[in-house]
Amino acid sequence: MLFKLEKTLRELDITRNKLAVYSDVRPNTINDLANGDAKRIEIDTLEKILKSLNEISMTRGMPRTYNIEDILEYELTDEFINASQKKNLMSEEEFKQIKEILSAYALHVEIKTLEMTNICNFLMIFGDYFIENGAAFGMKRDTGQLSEANDTFLRLGNTLKLYGLAKQTEERVFLTNKGIEFIQRLKD
């Protein structure tokens with residue numbers, strides 16, 4: 001567990017004691033959370049702290065909203081990450097079938113040296129970027145390559161969704177865990 005309350009208090013430039021008074025939470029509880037020594041915390045205590053952090057932020061005219069992640073965050077252990085990575089979300093046969101289908105899709109991209117490619121090649125080149133960022137509708141980037149890659153990825157959204165590789169909201173297209181695995185396996 002990562003305890004982030006101390007960082008949040010510094011960001012708001014308030015003391016632990018001021019937060020304790022303002023939120024009506026015991027100072028020892030605030031100290032334990034800020035020091036990373038808390039063994040457990042009640043939901044209503046978290047709610048009081050968050051409400052207070054947001055009220056302080058609002059009264060100071062800060063455009064920031066605080067969430068649970070600003071107090072504590074669950075950190076996956078390397079052991080858990082390694083174990084979960086060993087479990088494939090798709091069989092080798094499914095991977096090969098999707099790869100074959102997506103490799104057959106000719107793709108026109110307005111990027112020099114990449115004008116004519118296929119979906120798999122495009123995902124291998126820009127996959128790491130989309131794993132990190134996804135793609136946003138109406139979003140303009142500074143560099144032409146990323147802007148064109150963003151637009152191309154958005155156009156591919158429905159095709160990738162068809163194979164469970166992406167999901168879409170009104171504003172963004174994201175790779176699913178299966179999509180991330182697919183790109184990683186393409187690169188292997």
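The values are calculated or read from the model by the stated rules, or taken from the named source; none is laboratory data. In this text the structure is predicted, and so the values were computed from the model without any measurement. With ideal geometry, Cβ positions are generated from the backbone for all residues, glycine too; neighbour counts draw on all protein chains shown. Heavy atoms of the whole protein, side chains included, go into the accessibility calculation; ligands, DNA and RNA do not. Shrake-Rupley method; radii C 1.70, N 1.55, O 1.52, S 1.80 Å.
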Inset, instruction - Net charge near Lys48: determine it from the other residues with C-beta under 13 Å of the C-beta of Lys48, scoring Lys and Arg +1 and Asp and Glu -1. - result: -3
Inset, instruction - Could you work out which residue, out of Asp44, Asp151, Asp128, moves most in a Gaussian network model of the chain, that is, has the largest mean-square fluctuation with Cα springs under 10 Å? - result: Asp44
Legend entry - Probe 1.4 Å, accessible area per residue of the chain, Å²: 64 Å²
Inset, instruction - With springs connecting C-alpha atoms under 10 Å apart, model the chain as a Gaussian network and identify which of Asn177, Asn118, Asn35 has the largest mean-square fluctuation. - result: Asn35
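Counting only trypsin sites (Lys or Arg not before Pro) that sit in a DSSP loop (anything but H, G, I, E, B) with at most 16 other Cβ atoms within 10 Å, what is the longest stretch of the chain containing none of them? The partial results should precede the final answer.
Numbers: sites that count: Lys39, Arg40, Arg60, Arg64, Lys87, Lys112, Lys140, Arg141.
Counting at most 16 other Cβ atoms within 10 Å as exposed, the longest clean stretch of the chain is 142-188.
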Inset, instruction - Exposed loop GluC sites (Glu not before Pro) only (DSSP loop, at most 11 other Cβ atoms within 10 Å): please give the longest stretch of the chain free of them, not including the sites. - result: 116-169
Inset, instruction - Could you work out the local net charge near Leu156, counting Lys and Arg as +1, Asp and Glu as -1, over the other residues with Cβ closer than 14 Å to its Cβ? - result: +2
Inset, instruction - Can you grab the distance from the C-alpha centre of the stretch 24-54 to the C-alpha centre of the stretch 106-136, Å, no decimals? - result: 45 Å
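Can you tell me the alpha carbon radius of gyration of the stretch 14-77 divided by the globular rule-of-thumb value 2.2 N^0.38 Å? If you can, show how the numbers build up before the last one.
Working: Rg = 11.9 Å, N = 64, 2.2 N^0.38 = 10.7 Å.
With N residues counted in the stretch 14-77, Rg over 2.2 N^0.38 Å equals 1.11.
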Legend entry - C-alpha long axis of helix 177-187 to longest principal axis of the chain, angle in °: 50 degrees
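Where in the chain is the longest stretch that carries no chymotrypsin sites (Phe, Trp or Tyr not before Pro) classed as loop by DSSP and with at most 13 other Cβ atoms within 10 Å?
106-188
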Inset, instruction - Hey, could you get me the Stokes-Einstein D for the chain, Kirkwood radius over alpha-carbon pairs, 37 °C and 0.692 mPa s, rounded to whole µm² s⁻¹? - result: 165 µm²/s
